[in-house]
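*Asks:* First, the structure itself, so that you have it in front of you.
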Amino acid sequence: MEEKKDILILAIESSCDETAAAVVKNGREVLSNVISSQIALHTLYGGVVPEIASRKHIENINGVILQALEDANVTLKDLSAIGVTYGPGLVGALLVGVAEAKAISYAAKLPLVGVHHIEGHIAANYIEDKELTPPFVCLVVSGGHTHLVVVKDYDCYEIIGRTRDDAAGEAFDKVARAIGLGYPGGPKIDKAAREGNPEAIHFPRAKVADAPYDFSFSGVKSAVLNYLNGCKMKGEPIIEADVAASFQRAVCEVLVSHAVQAVKDYHLPKLALAGGVASNSELRRLMKEACEREGIAFYYPSPGLCTDNAAMIGAAAYYEYQKGTRHGLDLNAVPNLKLLER
Ligand code: KG4
Ligand code: ZN
């Protein structure tokens, strides 16, 4: 019998402020995973500056790809396809990755597979746990998205809940800025909260009427800003660690209760986390506790696979490739690309 050929995909991710490339084998095995982060640069401005992000991507992308090929000890000839994030994200940033992927696809005569960024975040779980298969419920919490998704199959999703205003990561970033912790806010709040009391201040846990899986984080964000202003006006000291811990607890409790409710309602006893906020230590701890209590199998990528990276794009590209997805050289960046729902 002829031995099945391994599928090696070179994946490229440039949707925001990380220039990343990876080589992934058969969707689950990471042969290399290179990330050039622009965080230090954007920290100067307190957030991502889109034009600077694009310029940095163009500077770094070739080096990052060469490194990914070298680390994996492969050449373009060994590859089966090129995978690339084509949305959602910052258009100028996405275009750099898409143009690069098209050039390599053309020059090396390799199929081009465009990938949805969120599909990539979800697929990070397939790398982390080789046994995980759909269907399962996935809580996607990143800087731009907060979605509760039923992953029906590798290429089939149903978004059952979403944020009505700020994304969870956005709330972390804005609150961190208000407390004076700087950018990027999520990891800074996570760290500061370790020294604080999560029950020191009660911040609201928002529910959206008639939409049990939807989220709203603008209320808790405003509550933190009001609290800080109140302290300043009364001349009371602000204990940053307590504010961080109390805010984090309020956000995480809502994320956990909604996700667990969805798992129960949909009778799918598997729950996965995805996206940058999924690396939050309190969220992982609370979700793990809840899952143990409820008899739910819990999956979460290691922190490096939660935040933006190209390995997750390689995993998602593999399942798209197997399905037959092929993009032409007219592939464009789609900044508001929707997740394929069926
Ligand atoms: O997934 P990601 O890297 O990029 C997007 O697709 O948006 O997510 C970035 C977001 C940022 O808002 C960042 O503050 C947040 O993830 N984040 C965290 C943590 N690490 C990153 N939020 C909370 N706790 C963390 N440890
Ligand atoms: Zn992301």
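*Asks:* In the range 310-330, what count of residues is obtained for those that are touching a residue at least 24 places away in the same chain (Cβ under 8 Å), small (Gly, Ala, Ser) and surrounded by fewer than 24 Cβ atoms within 10 Å (Cβ to Cβ)?
*Replies:* The number of residues fulfilling the criteria is 1.
*Asks:* From (1) at pLDDT below 95; (2) open to solvent by 30 Å² or more (accessible area, probe 1.4 Å), pick out the condition that doesn't hold for residue 77.
*Replies:* (1)
*Asks:* For the condition open to solvent by less than 30 Å² (accessible area, probe 1.4 Å), in contact with a Cys (Cβ under 7 Å, 6 or more places away or on another chain) and part of a helix (DSSP H, G or I), what is the one hit in 189, 122?
*Replies:* 122
*Asks:* For the range 27-46, state whether one or more residues are within 18 Å of residue 116 (Cα to Cα) and more than 15 Å from ligand 2 (Cβ to nearest atom).
*Replies:* There is at least one residue in the range 27-46 that is within 18 Å of residue 116 (Cα to Cα) and more than 15 Å from ligand 2 (Cβ to nearest atom).
*Asks:* Still on this structure, I have one more. Only one of these is in contact with a helix residue (DSSP H, G or I) (Cβ under 6 Å, 6 or more places away or on another chain), modelled with pLDDT of 95 or more and of a type in the set (A, V, I, L, M): 98, 84. Name it.
*Replies:* Of the residues listed, the single one that is in contact with a helix residue (DSSP H, G or I) (Cβ under 6 Å, 6 or more places away or on another chain), modelled with pLDDT of 95 or more and of a type in the set (A, V, I, L, M) is 84.
*Asks:* Now, a different point. For the range 148-167, give me the residue count where each residue is open to solvent by less than 50 Å² (accessible area, probe 1.4 Å) and either more than 17 Å from the chain's Cα centre (by Cα) or more than 15 Å from ligand 1 (Cβ to nearest atom) (or both).
*Replies:* Total satisfying the criteria: 9.
*Asks:* Let me ask another. For the range 274-286, what are the residues that are among the hydrophobic types (A, V, I, L, M, F, W, C) and either within 15 Å of residue 187 (Cα to Cα) or in contact (Cβ under 8 Å) with a residue 40 or more places away in the chain (or both)?
*Replies:* Of everything in the range 274-286, those that are among the hydrophobic types (A, V, I, L, M, F, W, C) and either within 15 Å of residue 187 (Cα to Cα) or in contact (Cβ under 8 Å) with a residue 40 or more places away in the chain (or both) turn out to be 274, 277, 278, 283.
*Asks:* Here is a follow-up. What number of residues in the range 307-339 are within 17 Å of the chain's Cα centre (by Cα) and either part of a loop (DSSP other than H, G, I, E, B) or not assigned by TED's automatic domain parsing to the domain that holds residue 104 (or both)?
*Replies:* 9
*Asks:* Sticking with this one: What are the residues in the range 264-277 that are in a helix (DSSP H, G or I) and surrounded by 24 or more Cβ atoms within 10 Å (Cβ to Cβ), if any?
*Replies:* Result: 276, 277.
*Asks:* Does the range 220-240 hold any residues that are part of a helix (DSSP H, G or I) and either hydroxyl-bearing (Ser, Thr, Tyr) or surrounded by fewer than 18 Cβ atoms within 10 Å (Cβ to Cβ) (or both), and which are they?
*Replies:* Residues satisfying the conditions are 222, 225, 226, 227, 228, 229, 230, 231, 232, 233, 234.
*Asks:* Which residues, taken from the range 160-193, are more than 16 Å from ligand 2 (Cβ to nearest atom) and β-branched (Val, Ile, Thr)?
*Replies:* 160, 175, 179, 189
The values are calculated or read from the model by the stated rules, or taken from the named source; none is laboratory data. All values derive from a computational prediction rather than experimental measurement. Neighbour counts run over all protein chains shown; Cβ positions are idealised from the backbone, glycine included. To get the accessible areas, we keep the full protein, side chains included, count just its heavy atoms, and leave off ligands, DNA and RNA. Shrake-Rupley method; radii C 1.70, N 1.55, O 1.52, S 1.80 Å.
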